[in-house]
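Structure record follows, encoded as structure tokens.
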Amino acid sequence: MVKNGHEVIQEIPYAPSAAAAAGVEVMSIAELRHRMRRHGGAEGARDTEGSGRAQRPEFHLLLTVKQGLLWHMVDFADHAVTEGTWLWVRPGQVQRFGDLNAASGTLVLFRPDFLDPATSAAVHLDDPFGRTLWQVAGEDAPAMRHALDHLAHEYRTTQMPDGIRSAILQRLLAVLLLRLTCLTEPVGSLTATHTETFQRFRSAVERDFTQARDVGHYARSLGYAPRTLTRAALDAAGVGAKEFIDRRVILEAKRLLAHGDEPVTTLAARLGFPDTSNFVKYFAQRTHTTPAAFRTRFRPAPPTR
């Protein structure tokens with residue numbers, strides 16, 4: 001949708017095909033391209049305008065390319081997805097497909113609640129700042145390909161009870177994601193206490209960042225000392241607790257500015273700022289640009305008639 005001369009972000013619910021298992025769907029890039037044409041702008045990944053539309057999915061999207069080059073924008077960063085590259089888009093992130101005719105590959109779409117809790121925690125499923133891109137090479141490449149092929153094969157095998165099929169697919173998806181994340185995630189780098197503390201802090205920030213930006217709020221609500229949250233955030237995310245909160249606020253502000261139609265005054269109120277000038281100063285200090293300048297930079301040109 002284009003409104004007032006610029007693009008409005010499209011919220012995409014999880015809407016699998018009739019043949020999909022509950023919670024997960026596996027498709028080729030060619031199938032995605034076909035569905036975009038066929039559905040004429042329907043929900044899910046089936047947007048007829050396809051590559052040009054900015055979307056904000058409510059599900060996870062894992063993409064890998066077998067041949068060719070696919071450019072994919074995730075939260076204002078353009079990524080070149082080529083052979084051996086794996087790209088992970090998480091719920092709430094803003095994405096935009098490039099030319100789907102330029103590559104062949106596979107997509108896995110899955111609901112946030114599809115994996116078991118232990119796997120979800122191990123792969124940092126709900127991390128809004130989770131890694132987006134991996135380049136897999138060497139002995140890891142065929143292992144990842146085999147895991148994906150096995151998942152795709154079982155996904156196409158429909159002659160079994162739904163509960164058993166779903167359980168098989170859940171475990172195979174867990175294998176795929178665990179293999180992917182362990183390629184770069186240091187094993188045992190965090191203490192159990194700090195891991196649990198950060199997970200609780202991260203969840204609280206995701207829930208409250210539009211109302212609270214001070215570490216003290218989260219320390220009081222979670223029952224920790226502020227320095228405990230800071231240490232946990234430094235260990236897990238590489239930044240202090242205050243910086244982690246600010247990054248989440250700025251990320252949401254960028255998403256709304258680039259793909260929303262609300263005036264800055266309304267946007268500031270949505271993000272919990274008492275007045276517009278306070279928001280403008282906060283944004284400028286952390287991005288070295290103003291909200292208006294950022295919006296102008298990322299606003300697509302109006303369509304030509």
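The values are calculated or read from the model by the stated rules, or taken from the named source; none is laboratory data. Remember, it's a predicted structure, so these values are computed and weren't measured experimentally. Please note: Cβ atoms are built from the backbone with ideal geometry, for glycine as well, and neighbour counts cover all protein chains shown.
Some points to look at:
- Taken residue by residue, the stretch 138-145 has no member that is surrounded by 11 or more Cβ atoms within 10 Å (Cβ to Cβ), aliphatic (A, V, I, L, M) and under 14 Å from V24 (Cβ atoms).
- Among (1) assigned to a loop (DSSP other than H, G, I, E, B); (2) free of Cβ contacts under 8 Å to residues at least 12 places away in the same chain; (3) not polar (S, T, N, Q), the one test that H146 misses: (1)
- Residue within the stretch 54-71 that is part of a loop (DSSP other than H, G, I, E, B), modelled with pLDDT under 85 and not aromatic (F, W, Y) present: yes
- Residues of the stretch 202-239 classified as in contact (Cβ under 8 Å) with a residue 24 or more places away in the chain, touching a helix residue (DSSP H, G or I) at 6+ places or on another chain (Cβ under 6 Å) and buried (at least 17 other Cβ atoms within 10 Å of the Cβ), total: 10
- If only residues of the stretch 194-250 that are small (G, A, S) and touching a Phe, Trp or Tyr at 6+ places or on another chain (Cβ under 8 Å) are counted, the one that is farthest from P274 (Cα to Cα) is A236.
- A single entry from H150, H146, H124 fulfils the requirement of being out of contact with any helix residue (DSSP H, G or I) (no Cβ under 9 Å at 6 or more places or on another chain) and assigned by TED's automatic domain parsing to the domain that holds R35: H146.
- Check on R248, of a type outside the set (D, E), in contact with a helix residue (DSSP H, G or I) (Cβ under 6 Å, 6 or more places away or on another chain) and within 21 Å of G92 (Cα to Cα): yes
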